[in-house]
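These notes concern the structure reproduced below.
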Amino acid sequence: MAEEKLPTRAEDFAEWYNQLVIKADLADYAPVRGCMVVKPYGWALWENITSWLDAEFKKTGHVNAAFPTLIPLSFFEKEKEHVEGFAPELAVVTHGGGEELEEKLAVRPTSETIIGHMYAKWVKSWRDLPILIVQWGSVLRWELRTKLFLRTAEFYWHEGHTAHANAEEAKEEMYRILDIYERFCLEEAAIPVFKGSKSETEKFPGAQITTSIEAMMWDKRALQSGTSHYFGTNFAKAFDIQFLNRENTLQHAETTSWAISSRIIGAMIMVHGDDQGLVMPPRLAPVQAVVIPIFKKDDEKAKVLEVADRIFMELKAAGIRVKMDDRDNVSSGFKFNDWEMRGVPVRVEIGPKDVEKNSVALARRDKPGKEGKSFVPQTDLAATVNALLVEIQAALLQRATEYRDANIHDVKTYDELKEVVKDGWAFAYWCESRECETKVKEETKATTRNIPLNQPDSEGTCVVCGKSSKRKVYFAKAY
Ligand SMILES: [Zn+2]
């Protein structure tokens, strides 16, 4: 139960986040360092995220399957960059059934290797392609610096793995998924994102192209919120995924993989949350409206509860995810704070006067205090609440977009860049050399986030070295 106040975001953003995740009842720390327990309220949120994505993947021809958690360690040796990228994070099983294993097993950090191994078995002819499989589950990457949802050793996600007959189709798939991710962020999570490709150094180990969506958090740091990779034939060669093409010659498949993880919950918290707690976008909120009956005397109680019950049933029947808070051991003020902490978009208050006047008070979570309060008739309340939820959803996206855009600055000189990335994002021409990227990282801690797909129709000069450059990139400190 939420009793103590959070530190404000301005006081201590990291501590605000840590306390909020616990007080809003989303997750808890596990006995194993680096792991998290997702509580029912957090899992309900995750289910709303996953069910939207799952439906979109199915609409675009994908199917779900499950691959094992344990992968022969030797599989990781097969793709050079992949093993280098993941070796430091691998958890390895050395014993089973009380005996030392002959073949050591990795707990999957991601499943390209095991899935590549299986695709090699399944793909024989061009008729077997494309394969469009999604796996939902968790993976493990050894992490000691925990931050619930943002960085945990075990985390939840989907990983899409597809194999195609040619590069064109595989790249199309990578971008198709990136578009779905962008739509998810905009339409469901109310988070504005930039779609773009990662630099050579920020790429996924083993990928030819990594694309990402990048979002700005309240503290102006960037969060990579989803990735979609094109591997070319790298994994197909490592795992021998070959097929007979239409000309009857043997050819390697082209593969992709892509993911959004439970990290996206961290993004939602850090983009929308305020000093009172979470602010849930209505489309994903596990509870969209909470009904709170308010009474003092016993003779008021029966009348108020009768109306509150009727309203609860009406909202529920209209498909609104609604909760009745008729707890009698806590005050109304406590309940208000409690639901504010959990970010419920709309609060419906009903007191004795409302019963008489056939009205209710609606309080919207995104606008605290009087500004967000309105008194409306009980008649057609479900329609009123539904309209308000739509309005809140749009308002959250607008607010986040304005905030982001106000904190991104076009920079032309290196001095400007150094100043801007202290507290914002810089958008600048960059020659795409590793040297210039490393210099920025070492001197400012800002990294290249992505090179947006939509580029200005002009050329410029690299903000670091002054060489002529065709594309602009976002520089920012990141999670
Ligand atoms: Zn340069």
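Annotations
- Net charge contributed by nearby residues that have their C-beta within less than 9 Å of Trp52 (K/R +1, D/E -1): -3
- In the context of the full set of protein chains, region 319-461 has a per residue accessible area of 52 Å² (1.4 Å probe).
- Cα shape, region 297-338, gyration tensor, a/c 1.5 rule: oblate
- The residues neighbouring Leu397, those whose beta-carbon lies less than 14 Å from its own, together hold a net charge of -3 under the Lys/Arg +1, Asp/Glu -1 convention.
- When only alpha carbons are used to place a centre, region 207-257 and region 6-32 end up 35 Å from one another.
- Qualifying GluC sites (Glu not before Pro) for region 408-471 [loop in DSSP, other Cβ within 10 Å: at most 15]: Glu459
- Screening the chain for whole DSSP H helices of 30 Å or more along their axis (Cα) with average Kyte-Doolittle hydropathy at least -1.0 returns 381-406.
- Exposure of Lys80 as accessible area (Å², to 10), given a probe of 1.4 Å and all protein chains: 140
- Bridgeable lysines around Lys303 (alpha carbons under 28 Å apart, same-chain partners fewer than 8 residues away excluded): Lys316, Lys323, Lys335, Lys353, Lys357, Lys370, Lys373.
- Overall form of region 388-479 per C-alpha gyration tensor (a/c, 1.5; a/b vs b/c): prolate
- In loop segments of region 162-239 as defined by DSSP, the GluC sites (Glu not before Pro) with at most 14 further C-beta atoms inside 10 Å of their C-beta are Glu200.
- Selection of trypsin sites (Lys or Arg not before Pro), region 112-151, meeting DSSP coil and at most 10 other Cβ within 10 Å: Arg145
- Protein accessible area in the chain, 1.4 Å probe - carbon and sulfur %: 50
- Count Lys and Arg as plus one, Asp and Glu as minus one, and take only other residues whose Cβ is under 10 Å from that of Ala361; the net charge is then +1.
- Rolling a 1.4 Å probe over the protein heavy atoms leaves Ser262 with an accessible area of roughly 0 Å².
The values are calculated or read from the model by the stated rules, or taken from the named source; none is laboratory data. Just so you know, these numbers come straight off a predicted model, no measurement behind them. Glycine gets a Cβ as well: all are built from the backbone with ideal geometry, and neighbour counts include every protein chain shown. What goes into the accessible areas is simple: the full protein's heavy atoms, side chains included, and nothing from ligands, DNA or RNA. Shrake-Rupley method; radii C 1.70, N 1.55, O 1.52, S 1.80 Å.
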